[in-house]
Amino acid sequence: DAKTTQPPSMDCAEGRAANLPCNHSTISGNEYVYWYRQIHSQGPQYIIHGLKNNETNEMASLIITEDRKSSTLILPHATLRDTAVYYCIVMDNNNDMRFGAGTRLTVKP
Amino acid sequence: KAGVTQTPRYLIKTRGQQVTLSCSPISGHRSVSWYQQTPGQGLQFLFEYFSETQRNKGNFPGRFSGRQFSNSRSEMNVSTLELGDSALYLCASSRGGAGYNEQFFGPGTRLTVL
């Protein structure tokens, strides 16, 4: 079962930052936070992951709270092509990924 | 580098039949995971194979099985199909070594059971 809670949907204006929250209050010490997204009718795509420290790559930034009970994925300048379902997943390094319902992000012009 | 490929892309079967789906991972990847996606249940993990051995398993009945070959290609089989097995079946490959490995997903096989 998924160990995360995400809002079912969010809107964002094109060009603005999209901030997607995720609650994972039962996360254990050896579990990472991963983000994937799924654009309609395609397979999910990896975005970013982290353990304790904030992480940034070419796609997004991941901010994890100090107590690790929640995190935020930030898309700094959302485009229409970022419209997708975003999944926050917590797991240890065993490749056993349990997806929740995710957040459907709609980027509007 | 070629991505993950799945065959067939679309399949129509009737209740009671069985079906075999195929997944070819990215070259060099040794882990293949399978997922079922339905509108009602979302994305659900079926199982993961690494070096021809099932390493992780989700909560699906025994009608769902899989295997992996020495070239890392994987097949999943569903026997005695039910209407509720209609879904998009996705496979994902990763290097599969120690620690986390990014999973790369294929386009999926859409199975319709009539």
| query | Of the residues A:20, A:105, which is closer than 29 Å to residue B:95 by Cα, in contact (Cβ under 8 Å) with a residue 60 or more places away in the chain and either surrounded by fewer than 18 Cβ atoms within 10 Å (Cβ to Cβ) or more than 14 Å from chain B (Cβ to nearest Cβ) (or both)? | reply | A:20
| field | First in region B:26-47 and more than 14 Å from residue B:94 (Cα to Cα), second anywhere and of a type in the set (Lys, Arg) and in a strand (DSSP E or B), Cβ under 9 Å, 6 or more apart | value | B:45/B:57; B:46/B:57
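Please find, within region B:68-114, the residue that is nearest to the other protein chains (Cβ to nearest Cβ) out of those that are aromatic (Phe, Trp, Tyr) and touching a residue at least 60 places away in the same chain (Cβ under 8 Å). Don't jump to the end; show me each part of the working.
Restricting attention to region B:68-114, the residues satisfying the condition of being aromatic (Phe, Trp, Tyr) are B:69, B:89, B:100, B:104-105.
Keeping just the survivors that are touching a residue at least 60 places away in the same chain (Cβ under 8 Å) gives B:89, B:104-105.
Details: B:89: 11, B:104: 8, B:105: 3 Å.
In this case the residue turns out to be B:105.
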| task | Among residues belonging to region A:33-44 that are in contact (Cβ under 8 Å) with a residue 12 or more places away in the chain and buried (at least 16 other Cβ atoms within 10 Å of the Cβ), point out the one that is nearest to the other protein chains (Cβ to nearest Cβ). | result | A:44
| remark: By residue number, the members of region B:46-63 that are within 20 Å of residue B:107 (Cβ to Cβ) and either open to solvent by 10 Å² or more (accessible area, probe 1.4 Å) or more than 9 Å from every other protein chain (Cβ to nearest Cβ) (or both) are B:46, B:47, B:49
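If I ask for residues that are aliphatic (A, V, I, L, M) and within 18 Å of residue B:20 (Cβ to Cβ), which ones from region B:57-91 would you list? Step through it out loud before you land on a result.
The first filter runs over region B:57-91 and keeps only residues aliphatic (A, V, I, L, M), leaving B:76, B:78, B:81, B:83, B:87-88, B:90.
Residues satisfying the conditions are B:76, B:78, B:81, B:87, B:88, B:90.
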| said: Quick check on this structure: which one of A:47, A:74, A:63 is within 14 Å of chain B (Cβ to nearest Cβ), in contact with a strand residue (DSSP E or B) (Cβ under 8 Å, 6 or more places away or on another chain) and not in a loop (DSSP other than H, G, I, E, B)? | reply: A:47
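The values are calculated or read from the model by the stated rules, or taken from the named source; none is laboratory data. This one's a predicted model, so the numbers in the text were calculated from it and none came from an experiment. Because the Cβ atoms are built from the backbone with ideal geometry, glycine has one as well, and the counts that use them run over all protein chains shown. Quick note on the areas: whole protein, heavy atoms, side chains included, nothing else; ligands and nucleic acids left out. Shrake-Rupley method; radii C 1.70, N 1.55, O 1.52, S 1.80 Å.
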